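As structure tokens, the structure follows; a few thoughts come after it.
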Amino acid sequence: MLSTDVEIKGTVKFTNDLVVDGKIEGEIHSDGNLTVGENARLKAEIKTATVVVYGKVHGNITAAERVELKSSAEVVGSSSKAAAPTDPPKQGTLSGTAP
């Protein structure tokens, strides 16, 4: 856990779980789980397995499994890196409906 009085500038890498309640500016990389506490202020590009956000994140979040935004969360990302989908959306029929 990184408490409210901790400030980090640079790249943070971890393996399992990390709870941040302080400030990070830079990048966060992990195959683990990141929890952004209510007091946390992150200016970071985040790439992890799962992210749960209670605090503030300014940067893009990429999660392999799940992103949870709680009611106190504030997330500001950049759409400039958004990739176009490789496959067009698939259309189907709703079962139990007449054509």
Item to check | Set of aspartates and glutamates with alpha-carbon distance to LYS56 below 19 Å, sequence-local pairs under 8 removed | outcome: ASP5, GLU7, ASP17, ASP21, GLU25, GLU27, GLU38, GLU45, GLU68, GLU74
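Excluding VAL6 itself, what net charge comes from residues whose Cβ is under 14 Å from its Cβ, given Lys and Arg +1 and Asp and Glu -1? Intermediate values should be presented prior to the final figure.
Working: positive: LYS9, LYS23, ARG41; negative: ASP5, GLU7, ASP21, GLU25.
Within the 14 Å Cβ shell, the charges total -1.
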Checklist entry - How many nm is it between the label spots at THR4 and HIS58, if each spot is 7 Å from the Cα in line with the beta carbon? => result 2.0
Item to check | Label-to-label distance, nm, for residues given as GLU65 and ASP17 (7 Å Cα→Cβ offset) | outcome: 1.1
Checklist outcome for this item: Sorted by chain and then number, the residues having a modelled amide H within less than 5 Å of the amide H of GLY26, at least 5 places away or on another chain, are GLY10, LYS43, ALA44, GLU45
Checklist outcome for this item: Square roots of five times the C-alpha gyration tensor eigenvalues of the range 7-70, ordered largest first and given in whole Å, equal 15, 13, 10
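A short reminder: the numbers here are calculations on the coordinates, not readings from a lab. Keep in mind the model is a prediction, meaning the values are calculated, not measured. Note that each Cβ is placed from the backbone with ideal geometry, even for glycine, and that neighbours are counted across all protein chains shown.
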